[in-house]
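The structure appears below as C-alpha cells.
Derivation of every value follows stated rules applied to the coordinates shown; laboratory data play no part. Predicted model, so just to flag it, every value in this text is computed and none were measured. Please note: Cβ atoms are built from the backbone with ideal geometry, for glycine as well, and neighbour counts cover all protein chains shown.
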Ligand SMILES: NC(=O)c1ccc[n+]([C@@H]2O[C@H](COP(=O)([O-])OP(=O)(O)OC[C@H]3O[C@@H](n4cnc5c(N)ncnc54)[C@H](OP(=O)(O)O)[C@@H]3O)[C@@H](O)[C@H]2O)c1
C-alpha cells in the first residue's frame, strides 16, 4: 500500500473500499474481505446505514484498529446536534476514534457542524476533517470560519470528469481529492474505453485496475465499492506498475465533462429533510 501525507502531517492510504449502497450484511463482508486482503482504508457514512456492520467487519478481520484508516460522514440532519451525533457515530462504529470525518453535504448548519468536528479533534475523537460535495465557494467559507483546514474533499472524480478546477484549488490549500465513483459507478462505457483496454493488455491488468492506477498517479485517493471478492483483490493490486507520462496524457483525453450526479438546490433541501434514525440499523 502507498500512503500520502496530509496537510496536518498524518498519513492516509491511497486506496481503500467504499460501502455506499451496501446492506449491513454486504458491508460487513466487503470490509472483512478488504481488510484481510491488505486494505487499510474503509469509507462509510451515517446515511449508508451500515456503520455498525462496518465496525463488525473491522473487528472480525483481526486487524489492529490503529492500522485501519476509518472514514465516515455526518449527514445534514444531524448537523444541528453534531457533538451528540459524533458520539453516536463512534458508538455505532464501535471505536474510540475516527481517522477522517466528513460533512456529507453542503446544506444546513455546516459551519456549526464543522466547529463541532473541530471540538472532536481536540477531544481526540477524530484525527482529520473533510468535506464531501462542497463546491469551492463553500470550502472557502468553511476555511474562513474555522481553524482546522479540511484534509480531503470527496467529489465525483473519474477519467470522464477529472475535477481539474477543484484540484487546482485544493493544491493551493494542501488538500486532496478522495474520488467517489472512481469507476464511474461501474459504467461500462467508461470502464471499456479503448485506452484502458490497450493499457490493460500492456501491463497485464484489468481496465478497472488501469483507471484506479491513473487516479493514484494523479494524486487522488480511491475508494471503489465492490461486493465481489475478486474485484476487491484486484482493486488494491495496482501498485506494481507505473503509467508513463504519455499514457497519463492519453487517459486525459477521455475527459468529456460527463458527471453522473449533478447537485441541485432541490436535492440539497431533500437531503436536509431526510432524517432517519441512524441508530436503527442492524
Ligand atoms: N460522498 C458522496 O456523496 C459519495 C457518493 C457516492 C459514493 N461515495 C463513496 O465512493 C465509493 C465508490 O463509489 P461507488 O461504489 O458508488 O462507485 P464505483 O466505485 O465507481 O463503482 C462501483 C461499481 O463498480 C464495480 N466494480 C468495482 N470493482 C470493479 C472491478 N475491479 N472490475 C469491474 N467492476 C468493478 C462494482 O461492482 P461489483 O460489486 O460487482 O464489483 C460496482 O458496481 C462509495 O462506496 C462511497 O464510499 C461517496
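Remarks
- Degrees, to the nearest 10: 82-93 long Cα axis against longest axis of the chain: 60 degrees
- The distance linking segment 119-135 with segment 211-240 is 25 Å (Cα centroid to Cα centroid, whole angstrom).
- Binning all Cα-Cα separations of segment 3-273 at 5 Å, short to long from zero, yields these whole-percent fractions: 1, 6, 13, 17, 19, 18, 13, 8, 3, 1, 0.
- Share, in percent, of DSSP beta bridges within the chain that are antiparallel, nearest 5: 15 percent
- Sorting the segments 139-148, 103-112 by their residues' average number of neighbouring beta-carbon atoms within 10 angstrom, most packed first, yields 103-112, 139-148.
- Packing-based exposure ordering (other Cβ within 10 Å, fewest first) of 187, 83: 187, 83
- Look at the Cα gyration tensor of segment 1-107: its axes a ≥ b ≥ c give a/c of at least 1.5 with a/b at or below b/c, and that counts as oblate.
- Whether segment 155-203 is rounded, prolate or oblate, judged on the alpha carbon gyration tensor where a/c under 1.5 counts as rounded: prolate
- Exposure proxy shown here: for 251, 211, the number of other Cβ atoms within 10 Å sets the order, fewest to most, as 251, 211.
- Spacing of the modelled spin labels on residue 189 and residue 242, each 7 Å from Cα toward Cβ, amounts to 3.5 nm.
- Ranked for footprinting exposure by Cβ neighbours inside 10 Å, fewest first, 122, 115 give 122, 115.
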